[in-house]
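Here is the structure we will look at, set down as structure tokens.
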Amino acid sequence: MPLDPEVVQCARTLFEHRFEEEIRPAHNARLFEPRTKFPVSPELPFSGAEAQRFLGLQVQFAKDASVAQAECFVDAIKRAGLRFDNEALMIGLDNTKELLNKHKHSATNTVFSGFAHRGQQIDPRLKSGIEQDLDAKLRRVHDSVLRLLKSKLAEEILATKGEANTSDDKVFARMAIEQARKSISENDGRPRPKVGAVVVKDGKVLSTAHRGEQPANHAEYIALEKKLSDEAVAGATVYTTLEPCTTRNHPKIPCVERLIERRVARVVIGMLDPDDRISGRGQRRLRKAGVITDFFPDELMKEVEELNREFTRFCEENPQAVAQPQHAQPVPKVLSLSEQKIATILSYKGKPVTVMNYPKSVKYQGSDSFWPYETIVEDCTPLFVTLKGAGGEQSFPLDQVDVNFDNEKKRLRLQIDRY
């Protein structure tokens, strides 16, 4: 689409104003400084050095004018609400070439006239050298303006992609809300949250899920572990209408830990959990683990909050009922992450587990490797995990052991950083 001629004219007007108010006065000030003043007396000889000095001032003048012209051109396009695209870049470069040609013509005429005015015959080699030197310097000015315009084009491209990402967020957040509307609550007579989850990677939806789609399971667990247990989701974005939970009754693992274990890159949240035990903690846990967190667009957040108004009201009016579930005698202790890890490992005491070396240290240059022999869990304490295999018993510090699940062999997997 051709650029609006009125926008081009406005850019020219902006430049003319800036040229007369800033560029020309600055050039005149440099031109008539004592150390750079051009000799005007016809009795004084006009040397090649003086010509080069004068041309240096003219090149600076041309550069200041060309940059100002390009900036006014970009400014006019943005003020008009238009996008700076490749067509605009080419128009800007054509304007620069035209302006630089004018400056070249003016500078060479002035210098050569200076020699003639003093009755000096200019050496053809000097004349050629002056023209070549001026051409080279003006090419560098042209290239600097080209870099400026390319940077403006890059900024526009990034802004456009940012808008596209925001648009994508709306689409996938809307999908998560539609999943949430399908949620199935437990039949226990109390309000439950309506939660939907969507897993997206490289712009492609990998899975969708809603709470209760499979009885007594959270949406994130269903989307990641039930539907994508054998898929690589590292680097994916998960859209969830409710902040991922940070506590689950043993032996279930909190959704926030599953998201971290599966190495998702970003989690977009519809609303924070109104349960005071969780509110804000899920987001902080994700951020601490290096997972980017964002929220649904404001209008969609309001929709999620309205969808979960009964659950929110129940949490605010009955905090004890939320914190102490019915049918729990005695009230189970909320385990720390370390205690959850110990309990999970001890649940496999005397049983075979999958073990692999999983170095995190930058000093180690090898690759991950599985232990070749059958290994069982001997014991686990707050300090050490003890394993027994063909080589006898070995103990490792608990904080060097990560726990997840071996989907292929359907058993616990321990990842050990032993380096």
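The values are calculated or read from the model by the stated rules, or taken from the named source; none is laboratory data. Being a predicted model, the structure only gives us computed values, none of them experimental. Glycine also receives a Cβ, built like all others from the backbone with ideal geometry; neighbour counts cover every protein chain displayed. Each accessible area value is taken on the protein alone, full model and side chains, heavy atoms only, with ligands, DNA and RNA left out. Shrake-Rupley method; radii C 1.70, N 1.55, O 1.52, S 1.80 Å.
The single condition among (1) over 30 Å from His103 (Cα atoms); (2) surrounded by 13 or more Cβ atoms within 10 Å (Cβ to Cβ); (3) without any contact (Cβ under 8 Å) to a residue 40 or more places away in the chain; (4) not hydroxyl-bearing (Ser, Thr, Tyr) that Glu131 does not meet is (1).
Of Lys161, Lys194, Lys137, which residue is open to solvent by 50 Å² or more (accessible area, probe 1.4 Å), part of a helix (DSSP H, G or I), modelled with pLDDT of 85 or more and basic (Lys, Arg)?
Details: Lys161 fails: modelled with pLDDT of 85 or more; Lys194 fails: part of a helix (DSSP H, G or I).
Going through Lys161, Lys194, Lys137 in turn, just one is open to solvent by 50 Å² or more (accessible area, probe 1.4 Å), part of a helix (DSSP H, G or I), modelled with pLDDT of 85 or more and basic (Lys, Arg): Lys137.
Would it be correct to say that Gln365 is under 34 Å from the mean Cα position of the chain (by Cα), at pLDDT below 90 and open to solvent by 60 Å² or more (accessible area, probe 1.4 Å)? Don't jump to the end; show me each part of the working.
Details: under 34 Å from the mean Cα position of the chain (by Cα): yes; at pLDDT below 90: yes; open to solvent by 60 Å² or more (accessible area, probe 1.4 Å): yes.
Answer is yes for this residue.
Of everything in region 197-212 that's part of a strand (DSSP E or B) and not aliphatic (A, V, I, L, M), which residue is nearest to Asp273 (Cα to Cα)? Top of the filtered list is His210. Listed by first and then second residue, the pairs with beta-carbon distance under 8 Å, at least 6 apart or on different chains, first residue in region 235-259 and more than 16 Å from Ser338 (Cα to Cα) and assigned to a loop (DSSP other than H, G, I, E, B), second hydroxyl-bearing (Ser, Thr, Tyr) and open to solvent by 10 Å² or more (accessible area, probe 1.4 Å), are Glu243/Ser279. Just to be sure before I move on: is Thr208 in contact (Cβ under 8 Å) with a residue 24 or more places away in the chain, within 21 Å of the chain's Cα centre (by Cα), within 26 Å of Glu305 (Cα to Cα) and open to solvent by less than 50 Å² (accessible area, probe 1.4 Å) in the structure I sent? No.
Taken together, the residues in region 372-383 that are surrounded by fewer than 16 Cβ atoms within 10 Å (Cβ to Cβ) and free of Cβ contacts under 8 Å to residues at least 40 places away in the same chain amount to 8.
Among Arg287, Arg277, which is of a type outside the set (Asp, Glu), in a helix (DSSP H, G or I) and surrounded by fewer than 17 Cβ atoms within 10 Å (Cβ to Cβ)? Before you say what the answer is, go through the steps one by one.
On the way: Arg277 fails: in a helix (DSSP H, G or I).
That would be Arg287, the only listed residue that is of a type outside the set (Asp, Glu), in a helix (DSSP H, G or I) and surrounded by fewer than 17 Cβ atoms within 10 Å (Cβ to Cβ).
Residues that are open to solvent by 30 Å² or more (accessible area, probe 1.4 Å), over 12 Å from Ile345 (Cβ atoms) and either not polar (S, T, N, Q) or not in a strand (DSSP E or B) (or both) within region 393-410 comprise Glu393, Pro397, Asp399, Gln400, Phe405, Asn407, Glu408, Lys409, Lys410, listed in sequence order.
The conditions of being of a type in the set (A, V, I, L, M), at pLDDT 85 or above and open to solvent by less than 50 Å² (accessible area, probe 1.4 Å) are met by Leu307. Taking residues in region 213-228 that are in a helix (DSSP H, G or I), and partners anywhere that are β-branched (Val, Ile, Thr), the pairs with Cβ atoms closer than 6 Å and at least 6 places apart or on different chains are Ala219/Val195; Glu220/Thr240; Ala223/Val199.
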